[in-house]
Amino acid sequence: MIPRFHCPFLLAPGAHVDLPDEAAHHATKVLRMSEGDEVTLFDGRGGEWLGRLKRAGKAVTVTLESFDAADHEPPLVITLVQGLPAADKMDWIVQKAVELGVAAIRPVAARRSVIRLSGERMERRVAHWQAVAIAACEQCGRNRVPGVSPLVDLPQFLGELPIANELRLMLAPGTVQSLAGLPRPTGPVTLLIGPEGGFEEGEFAAASVAGFKAVSLGPRILRTETAGIAALAAMMTLWGDF
């Protein structure tokens, strides 16, 4: 398999591209790539470029040779709205959601969220999650990088939701309605997942007023880091490209 790297700038035919430092280190020190080895680059706009590695002193350059417009995005556009979990669980959630084909990720702080982030600490964490999303795209073959939005409180997120032709779902244990019982969506889907301990009653009520429909994944209660990923896999199986 040809190694893939994301480049945070626009790529063009015949260009000689200096790999970002982290990608250059991974290519030469981890993968032990040599001059002339093939590599794939993508800039997040869609499609990917095949090129060859070249060393110029300490710099690692790729000469772009051909473009492949292949699009690996699913037909189902899903935004995952994830109640902020504890520890590093969000890293895992972002990684697996990207692998499954999510279009965007919006972390929200709920009343039962254990971690509280703000200011520079929040900005660093969001930048880290975006880097996790990029690495997941490199691994799984996606050429469009899902964006990870800045963290906001759940009421702010609900208040900013536009009027749109989308299906809004939230997982709620004990709900009779299943995903399989829903009709195929005709537009985007927004999936809302609670943190550890779930949403409080008032938060469920506010989400319902904002148009979120409660659904269940069965009789078992899943952890927050499992629930969204399981729902994404189920939706991609029912309505996507699985």
Counting only C-alpha contacts under 8 Å and six or more residues apart, can you give the relative contact order of the stretch 1-70 as a whole percent? 36 percent
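Given 4 °C and 1.567 mPa s, how large is the Stokes-Einstein diffusion coefficient of the stretch 65-120 in µm²/s, with Rh as the Kirkwood radius over Cα pairs? Walk me through the numbers before you get to the answer.
Working: Rh = 13.4 Å.
Result for D is 96 µm²/s.
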Around GLY101, which amide H atoms from residues at least 5 apart in sequence, or from another chain, sit under 5 Å from its own amide H, with H modelled in the peptide plane? none
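Relative contact order, percent, of the chain when contacts are C-alpha pairs under 8 Å separated by at least 6 residues?
Details: 446 pairs, mean separation 48.9, N = 242.
Value for the chain: 20 percent.
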Please list 3J(HN,Hα) in residue order for the stretch 146-161, calculated via the Karplus relation 6.51 cos²θ - 1.76 cosθ + 1.60 where θ = phi - 60°; whole Hz, with x for glycine and proline. x, x, 10, 6, x, 5, 9, 5, 4, x, 5, 4, 5, x, 9, 5
Determine the distance separating the Cα centre of the stretch 130-180 from the Cα centre of the stretch 1-43; give it in Å without decimals. 29 Å
Per the C-alpha gyration tensor (a ≥ b ≥ c, the square roots of its eigenvalues), the stretch 81-204 is rounded if a/c is under 1.5, else prolate if a/b beats b/c, else oblate; here it's oblate
Residue ranges of DSSP H helices in the chain that stretch 24 Å or more (Cα, own long axis) and have mean Kyte-Doolittle hydropathy of at least -0.5 are 119-140
Ordered by fewest other Cβ atoms within 10 Å, a rough proxy for footprinting exposure, PHE67, PHE204 read PHE67, PHE204
FRET efficiency for GLU120 and PHE9, Cβ-Cβ distance as r, R0 = 25 Å, nearest 0.05? 0.50
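Going highest first, how would you order 173-183, 72-82, 189-199, 32-42 by mean Cβ packing within 10 Å?
Working: 173-183: 11.6, 72-82: 19.8, 189-199: 22.3, 32-42: 15.7.
Order by mean packing, descending: 189-199, 72-82, 32-42, 173-183.
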For LYS58, which lysines qualify as cross-link partners when the Cα separation must be under 17 Å and same-chain residues fewer than eight apart are set aside? LYS29
Karplus-derived 3J(HN,Hα), 6.51/-1.76/1.60, for each residue of the stretch 186-195, Hz, glycine and proline x: 9, x, x, 10, 10, 10, 9, 10, x, x
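Output the antiparallel fraction of DSSP beta bridges having both residues in the chain, as a percent to the nearest 5.
Given both bridge residues lie in the chain, the antiparallel proportion sits at roughly 40 percent.
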Just name one of CYS7, LEU154, ILE105: the one whose Cα is farthest towards the positive end of the charge dipole of the chain (beta-carbon charges, Lys/Arg +1, Asp/Glu -1). LEU154
Rounded to one decimal in nm, the spacing of the 7 Å Cα→Cβ label points at GLN156 and LEU50 is 4.6 nm
With springs connecting C-alpha atoms under 10 Å apart, model the chain as a Gaussian network and identify which of GLU99, GLU65, GLU138 has the largest mean-square fluctuation. GLU65
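Per-residue counts of other Cβ atoms within 10 Å, averaged by peptide: what ranking do you get for 162-172, 226-236, highest first?
The densest-packed peptide leads the list: 226-236, 162-172.
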Hull surface over four for the Cα convex hull of the chain, reported in nm², is 14.4 nm²
Residues of type lysines that LYS213 reaches as a straight line, Cα spacing below 28 Å, ignoring anything fewer than 8 places off in the same chain: LYS89, LYS96
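Two decimals, Cα atoms only, Kirkwood Rh: what is Rg/Rh over the stretch 1-77? The partial results should precede the final answer.
Details: Rg = 12.6 Å, Rh = 12.8 Å.
Radius of gyration over Kirkwood radius for the stretch 1-77 works out to 0.99.
Roughly how many debye, to the nearest 20, is the charge dipole of the stretch 4-68 about its Cα centre, given +1 on each Lys and Arg Cβ, -1 on each Asp and Glu Cβ, and no other charges?
Values: 8 positive and 10 negative charges, 45 e Å.
I would put it at about 220 debye.
Taken together, the values in this text are just the output of simple stated rules run on the coordinates, not laboratory data. The structure displayed is predicted, hence computed values, not measured ones. Cβ atoms come from the backbone with ideal geometry, glycine included; neighbour counts cover every protein chain shown.
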